[in-house]
2 protein chains.
Amino acid sequence: MKLASLKNGHPDGLLVVVSRDGRHAVAGTRIAPHLLDAVQRWDAVRRPLQDLSDALNAGRAAEAFAFDPTRCSAPLPRSPQWLDGSAFLNHGRLMEEAFNTPPIPHFDSVPVMYQGASDDFLGPHDDVPLPAEADGIDFEGEFGVVCGPAPMSASPAASLECVRLIVQLNDWSLRALGPHEMKTGFGFLQAKPSTAFAPVAVTPDELGQAWRDGRVHMRLHVQWNGERFGEPDGGEMNFSFGDLVAHAARTRRLTAGTIVGSGTVSNVSRGAGSACIAERRVIEKIDQGEIRTSFMRFGDRVRMQARFDDGSDGPFGAIEQQVVPAR
Amino acid sequence: MKLASLKNGHPDGLLVVVSRDGRHAVAGTRIAPHLLDAVQRWDAVRRPLQDLSDALNAGRAAEAFAFDPTRCSAPLPRSPQWLDGSAFLNHGRLMEEAFNTPPIPHFDSVPVMYQGASDDFLGPHDDVPLPAEADGIDFEGEFGVVCGPAPMSASPAASLECVRLIVQLNDWSLRALGPHEMKTGFGFLQAKPSTAFAPVAVTPDELGQAWRDGRVHMRLHVQWNGERFGEPDGGEMNFSFGDLVAHAARTRRLTAGTIVGSGTVSNVSRGAGSACIAERRVIEKIDQGEIRTSFMRFGDRVRMQARFDDGSDGPFGAIEQQVVPAR
């Protein structure tokens, strides 16, 4: 089942069911007004939404219309929590080198995670207003999961059962601000402006065998200003989403709609390229002795699209954004 | 104007206006169903709510009833963001010693702040379910502000203008988990379970001269299991709430209902006592050579109540909570 949210002036958007081929959609508002409501009442709405999806895919949805991802907000324009891990150890270790920060203790056995703003997400085609190029504007391509309710101290296995939807996202980052915030020990705040999401959130079954071991086994194809930047494989995640959700729930219950992210997708193989500029920069420094790539300028564009192993487009749709100066 | 939320089974609670003497209340639901809605439509609802408050205080509110703080949720049971500073440098410096963490760079010129969970706040009399005493259960008495919308990069002066309401809160902390999370650089997550709030949120005018320079000049009286623990003065805050809100808004716009906290109220004078156990412990170590106080046990109770300089109770009401094992 593929679900998206159209902008309608309401902070939670308008729920639509999207066809498997991504070409058509139908309003789900007779079942739930918006996706957050659907996630909160999942047991009651899952079957009616699936029936609507089946009808749409069979060409039997009377009120179907052409699906236009440029009219979409994030699938959840706001959510109760947004917690982002750093589950690709290759990325984390390169970042330690990039930021010249001390090694994170127990990095390969205990997930690290920060809490980000969840009240003001960006849609897949929204401009990204930021105050200054000097802040070191960077993208971070990731996968994430939307959870149902999880009790405090849920196990990794039980946490994985809580996964309702899978999403693809861009965790915008300001690299000039991150190292100081890490050194405070209080974590990222100014270094993490609004996060953006690909238009379509999907139930795990839509990924078939690409969803296994609590990981998204798909390559995230990233282009910066139209040029190939990388296509690292999400399957190389060192912690599963079950591990990450359990980490989040250790001392708090999670309310339905909580989003947990993978951290920047990153592969040990240099050939896969990167899903963020900071990683490419430190690789340049290591492999070539000097940093050659700058961070983003106003007017720059980034595109992110997950693909299956056979090269076909994934179901999330594309993130296509431009960085602009904040007014 | 004093506002509170009664538990009614809805995640946002039911808005009530509380009398100046704290003895009576009247439903504000004809004006706004819940406080978050009121904060989001503040310009439209402020005057009608003030009229209702005036009528209540004059004994002219027909449907007034006895105000029972034990029926209250947090004033905002959930909010778009919860951002907590550490604006009492005395506390921060003692914590560095307690946690054996390196000095925070620019600590006296740039606020530090973490983002906490804002989807599941505790009411003033709610039990505090936690997984284990071994996590080092501690309270943290603080003041905070509820903001209206703030644009990205708002100045401290403009940020202070965004303050809609002032609150008193207990930022529950798990001290055995904090140092590791600080060392990761990603900040507090498991170390910060649900935060609790005193029942009444107030407009700044309710504090009179005790609200000045963007600070709450009131002592926060803290009792642990009925014994005096401390009464540090909120006026000693090294950054103002304007500074803190501006820090939060540097690279993100704030949506209405965002809550920004002061961090643990803490005074240089040892005579004021403390508003958290970790601070008392490190003072014991410094002044007496050894730590004598343990963290909380299940069944322990904490009480927090702000008072004016003349000794009279502040308008927020009291937080009175018991720590219990999570089921």
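The values are calculated or read from the model by the stated rules, or taken from the named source; none is laboratory data. As the structure is a prediction and not an experimental result, all values here were calculated from the model. Because the Cβ atoms are built from the backbone with ideal geometry, glycine has one as well, and the counts that use them run over all protein chains shown. Areas reflect the complete protein model, heavy atoms only, side chains present, ligands, DNA and RNA absent. Shrake-Rupley method; radii C 1.70, N 1.55, O 1.52, S 1.80 Å.
Based on what the data block shows, is A:Asp138 open to solvent by less than 30 Å² (accessible area, probe 1.4 Å), within 9 Å of chain B (Cβ to nearest Cβ) and not hydrophobic (A, V, I, L, M, F, W, C)?
Working: open to solvent by less than 30 Å² (accessible area, probe 1.4 Å): yes; within 9 Å of chain B (Cβ to nearest Cβ): no; not hydrophobic (A, V, I, L, M, F, W, C): yes.
Spelling it out, it is not the case that A:Asp138 is open to solvent by less than 30 Å² (accessible area, probe 1.4 Å), within 9 Å of chain B (Cβ to nearest Cβ) and not hydrophobic (A, V, I, L, M, F, W, C).
Of the strands (runs of 3 or more DSSP E) lying entirely inside segment B:214-317, those carrying at least 2 residues that are open to solvent by 10 Å² or more (accessible area, probe 1.4 Å) and within 22 Å of B:Ala196 (Cβ to Cβ) are B:219-224, B:227-230, B:301-307.
In segment B:187-235, which residues are among the polar types (S, T, N, Q) and either within 14 Å of chain A (Cβ to nearest Cβ) or under 28 Å from A:Gly185 (Cβ atoms) (or both)? Don't jump to the end; show me each part of the working.
Residues of segment B:187-235 among the polar types (S, T, N, Q): B:190, B:194-195, B:203, B:209, B:223, B:225.
Within segment B:187-235, B:Gln190, B:Ser194, B:Thr195 qualify.
Name the single residue that is nearest to the other protein chains (Cβ to nearest Cβ) among those in segment B:100-132 being out of contact with any Ser or Thr (no Cβ under 7 Å at 6 or more places or on another chain) and among the β-branched types (Val, Ile, Thr).
Initially, segment B:100-132 is screened for residues out of contact with any Ser or Thr (no Cβ under 7 Å at 6 or more places or on another chain), giving B:100-103, B:105-111, B:113-115, B:124, B:126-129, B:132.
With the extra rule that they be among the β-branched types (Val, Ile, Thr), the set shrinks to B:101, B:110, B:128.
Values: B:Thr101: 6, B:Val110: 8, B:Val128: 11 Å.
Looking at the filtered set, the residue picked out is B:Thr101.
Taking the listed residues A:Pro151, A:Pro179, the one that is facing another protein chain (nearest Cβ under 9 Å), at pLDDT below 95, surrounded by fewer than 19 Cβ atoms within 10 Å (Cβ to Cβ) and over 22 Å from A:Leu49 (Cα atoms) is A:Pro179, with no other qualifying.
Just to verify a result, which residue in segment B:191-213, among those that are assigned to a loop (DSSP other than H, G, I, E, B) and free of Cβ contacts under 8 Å to residues at least 40 places away in the same chain, is surrounded by the most Cβ atoms within 10 Å (Cβ to Cβ)? The extreme case among them is B:Ala191. Being on the phi > 0 side of the Ramachandran plot and free of Cβ contacts under 8 Å to residues at least 24 places away in the same chain is a property that B:Gly22 lacks. The residue that is surrounded by the most Cβ atoms within 10 Å (Cβ to Cβ), among those in segment B:93-120 that are outside any loop (DSSP other than H, G, I, E, B) and of a type in the set (Asp, Glu), is B:Glu96.
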